[in-house]
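The values are calculated or read from the model by the stated rules, or taken from the named source; none is laboratory data. Treat the numbers as computed from the prediction; the structure is a model and nothing was measured. Here the Cβ positions follow ideal geometry from the backbone for every residue, glycine too, while neighbour counts run over all protein chains shown.
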Amino acid sequence: MLSIAMVSWFRMPPFKEKFRLEVADRLHSAAIHLLRYARQQDVAARQAPARLSALSVLVFGGPVALGQLAAAEQVKAPTMSRIVAGLKRSGLAKIESDANDARRIRVTATPKGEHLLQRARARRIRLLSKTLGGLKETELDTLLRAAEITERAVSVASVRNKK
């Protein structure tokens with residue numbers, strides 16, 4: 001059953017909807033530019049972006065089944081199999097049989113993989129920190145608050161979409 005608050009969420013006044021779309025457009029563009037800029041640092045890791053992204057899921061999310069990793073990265077299982085094979089060859093991930101189902105495999109980041117990813121992340125963060133170096137403290141406070149708000153909105157939307 002829809003509450004009045006939910007109905008009003010769907011029927012937003014046109015000027016508010018237009019403003020929300022403008023904010024979404026600007027955030028989308030800024031996020032893409034920010035990530036492309038930060039990605040410059042990834043050449044030092046000597047790994048393809050797809051490998052670094054999958055490794056990030058493993059390092060920050062823990063061991064997962066191959067299918068879950070493919071879903072998290074929004075690729076098909078055969079594509080993820082190739083990515084994981086590359087991570088394994090590089091010593092960045094290991095593949096183990098699932099304790100509950102021998103047909104399934106679990107992928108885990110190795111200590112080498114964790115170290116590589118943490119160094120890559122630190123390089124990106126240092127670059128972004130230097131980029132923000134010319135901003136005033138009030139501007140940095142605004143960006144911190146915007147990051148917190150964005151994280152919360154995405155978290156709420158993720159929970160809502162799982163229902």
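Which residue, of LEU27, LEU21, is touching a residue at least 60 places away in the same chain (Cβ under 8 Å) and either in contact with a Gly (Cβ under 7 Å, 6 or more places away or on another chain) or more than 15 Å from ARG106 (Cα to Cα) (or both)? Before you say what the answer is, go through the steps one by one.
On the way: LEU21 fails: touching a residue at least 60 places away in the same chain (Cβ under 8 Å).
Going through LEU27, LEU21 in turn, the sole match is LEU27.
Among residues belonging to the stretch 104-126 that are part of a helix (DSSP H, G or I) and touching an Asp or Glu at 6+ places or on another chain (Cβ under 9 Å), point out the one that is surrounded by the most Cβ atoms within 10 Å (Cβ to Cβ). Reasoning before the result, please.
Start the filter on the stretch 104-126 by keeping residues that are part of a helix (DSSP H, G or I), which leaves 111-126.
Narrowing further to those that are touching an Asp or Glu at 6+ places or on another chain (Cβ under 9 Å): 120, 123-124.
On the way: ALA120: 22, ARG123: 17, ARG124: 19.
Once the filter is applied, the top-ranked residue is ALA120.
Go through the stretch 33-76 and give me each residue that's modelled with pLDDT of 90 or more and among the aromatic types (Phe, Trp, Tyr).
Of everything in the stretch 33-76, just one residue is modelled with pLDDT of 90 or more and among the aromatic types (Phe, Trp, Tyr), namely PHE60.
Taking the condition of being in contact (Cβ under 8 Å) with a residue 12 or more places away in the chain, out of contact with any strand residue (DSSP E or B) (no Cβ under 6 Å at 6 or more places or on another chain) and within 18 Å of GLY62 (Cα to Cα), how many residues in the stretch 87-118 meet it?
Keep residues of the stretch 87-118 that are in contact (Cβ under 8 Å) with a residue 12 or more places away in the chain, which gives 87, 90-96, 98, 104-110, 112-114, 116-118.
With out of contact with any strand residue (DSSP E or B) (no Cβ under 6 Å at 6 or more places or on another chain) added as a condition, the list becomes 90-92, 112, 114, 116-118.
Cutting the leftovers down to within 18 Å of GLY62 (Cα to Cα) gives us 91-92, 112, 114, 116-118.
Within the stretch 87-118, residues that are in contact (Cβ under 8 Å) with a residue 12 or more places away in the chain, out of contact with any strand residue (DSSP E or B) (no Cβ under 6 Å at 6 or more places or on another chain) and within 18 Å of GLY62 (Cα to Cα) number 7.
For residues that are among the polar types (S, T, N, Q) and either under 11 Å from ALA65 (Cα atoms) or touching a helix residue (DSSP H, G or I) at 6+ places or on another chain (Cβ under 9 Å) (or both), scanning just the stretch 94-112, find the one that is modelled with the lowest pLDDT. Walk me through how you get there before you give the answer.
Restricting attention to the stretch 94-112, the residues satisfying the condition of being among the polar types (S, T, N, Q) are 97, 100, 108, 110.
Within this subset, residues satisfying the condition of being either under 11 Å from ALA65 (Cα atoms) or touching a helix residue (DSSP H, G or I) at 6+ places or on another chain (Cβ under 9 Å) (or both) are 97, 108, 110.
Numbers: SER97: 82, THR108: 94, THR110: 95.
Only one residue fits best here, namely SER97.
Collect the residues in the stretch 34-64 that are more than 17 Å from the chain's Cα centre (by Cα), surrounded by 15 or more Cβ atoms within 10 Å (Cβ to Cβ) and more than 14 Å from LEU92 (Cα to Cα), keeping them in residue-number order.
none
Since ASP101 meets every condition but one in (1) more than 27 Å from ARG123 (Cβ to Cβ); (2) part of a helix (DSSP H, G or I); (3) charged (D, E, K, R), which condition does it not meet?
(2)
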